[in-house]
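Colleague: Just passing along the structure, written as structure tokens.
The values are calculated or read from the model by the stated rules, or taken from the named source; none is laboratory data. Since the structure is predicted, the reported quantities are computational estimates derived from the model, not experimental observations. Reconstructed Cβ throughout: ideal geometry from the backbone, glycine too, with neighbour counts over all protein chains shown. The protein model used for the area step is the full one, side chains on, heavy atoms only, and it has no ligands, DNA or RNA in it. Shrake-Rupley method; radii C 1.70, N 1.55, O 1.52, S 1.80 Å.
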Amino acid sequence: MVDPIGKWIAPIIYLGAAVLLANGLLHLDPERKKSSEKVVGVITFTVGVMWWPFLIAMMMKQGLGALTNFVTGLAGMYAFAFTALGACEIWDLRPRRQLGAVFILIGWLTLAYGVYWLVYPSPRWIYHFSIAFVWFVAMNMAGFFMNGKLSEKLLGYVVTFAALYTFAIPAILWSMPPGHQGPF
């Protein structure tokens, strides 16, 4: 028997919303008057590490049925990205150009996942494609920022939007009882 999707997805995306909001607010404050890169790094690193046991448990239980490996593969890429970014922020590591290239790659892989949602035989998955597309844009912009080719404030706005649209709203919807989950 497959467990309700919200049981497996909602907790991980609430954590993702926290990471993205912290990073979005960090980038909206380039002078760092109200935010600290080290504090945001601790949040980002901690959530990245917290995702791994959750993803392993979801795979062992096959909590999403046939979609489990598909979803955990994508989430695993983001867990790696959060963990690596958090480490860079905490210890002021500067392999950000290389990490930027990884972010761009993850963005493109997310777009490939998004195309799957477009061809999935149900119109309710169109929202999932839009989430993948927002992540494609956000990850590419983060990669360009890490390579010095994008305004920090622009990245802050995009990441904050991504936090709300791709994590906070879906987390709330997936937490609702079955039949009240909107497009999920």
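Colleague: Can you find even one residue in the stretch 21-35 that is farther than 23 Å from Ile172 by Cβ, without any contact (Cβ under 8 Å) to a residue 40 or more places away in the chain and either surrounded by 14 or more Cβ atoms within 10 Å (Cβ to Cβ) or polar (S, T, N, Q) (or both)?
Modeller: yes
Colleague: Give the residues of the stretch 30-53 that are out of contact with any Gly (no Cβ under 6 Å at 6 or more places or on another chain) and of a type in the set (Ser, Thr, Tyr), sorted by residue number.
Modeller: Ser35, Ser36, Thr46
Okay, residues lined up against (1) under 18 Å from Leu85 (Cα atoms); (2) open to solvent by less than 40 Å² (accessible area, probe 1.4 Å); (3) touching a helix residue (DSSP H, G or I) at 6+ places or on another chain (Cβ under 9 Å); (4) in a helix (DSSP H, G or I):
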residue: Ile126; (1), (2), (3), (4): no, no, yes, yes
residue: Ser130; (1), (2), (3), (4): no, yes, yes, yes
residue: Phe133; (1), (2), (3), (4): no, no, yes, yes
residue: Ala142; (1), (2), (3), (4): yes, yes, yes, yes
residue: Phe161; (1), (2), (3), (4): no, no, yes, yes
residue: Leu164; (1), (2), (3), (4): no, no, yes, yes
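Colleague: Among the numbered criteria (1) more than 19 Å from Leu21 (Cα to Cα); (2) open to solvent by less than 20 Å² (accessible area, probe 1.4 Å); (3) small (Gly, Ala, Ser), which single criterion is violated by Ser175?
Modeller: So Ser175 meets the others, but not (2).
Colleague: To continue, here is another question. Please specify each residue of the stretch 46-59 satisfying the condition of being under 18 Å from the mean Cα position of the chain (by Cα) and either over 28 Å from Gly86 (Cα atoms) or open to solvent by less than 80 Å² (accessible area, probe 1.4 Å) (or both).
Modeller: Across the stretch 46-59, the qualifying residues are Thr46, Val47, Gly48, Val49, Trp51, Phe54, Leu55, Met58.
Colleague: In this structure, does Pro170 turn out to be open to solvent by less than 20 Å² (accessible area, probe 1.4 Å), within 21 Å of Pro11 (Cβ to Cβ) and not small (Gly, Ala, Ser)?
Modeller: Answer is yes for this residue.
Colleague: If you go through the stretch 113-124 one residue at a time, how many are open to solvent by 60 Å² or more (accessible area, probe 1.4 Å), assigned to a helix (DSSP H, G or I) and free of Cβ contacts under 8 Å to residues at least 24 places away in the same chain?
Modeller: 4
Colleague: Might you check whether a residue that is touching a Cys at 6+ places or on another chain (Cβ under 9 Å) and of a type in the set (A, V, I, L, M, F, W, C) occurs anywhere in the stretch 99-107?
Modeller: yes
Colleague: Please find, within the stretch 103-124, the residue that is farthest from Phe82 (Cα to Cα) out of those that are among the aromatic types (Phe, Trp, Tyr) and at pLDDT 85 or above.
Modeller: Here the answer is Tyr113.
Colleague: Of everything in the stretch 60-97 that's open to solvent by 20 Å² or more (accessible area, probe 1.4 Å), within 19 Å of the chain's Cα centre (by Cα) and among the polar types (S, T, N, Q), which residue is nearest to Val137 (Cα to Cα)?
Modeller: Thr83
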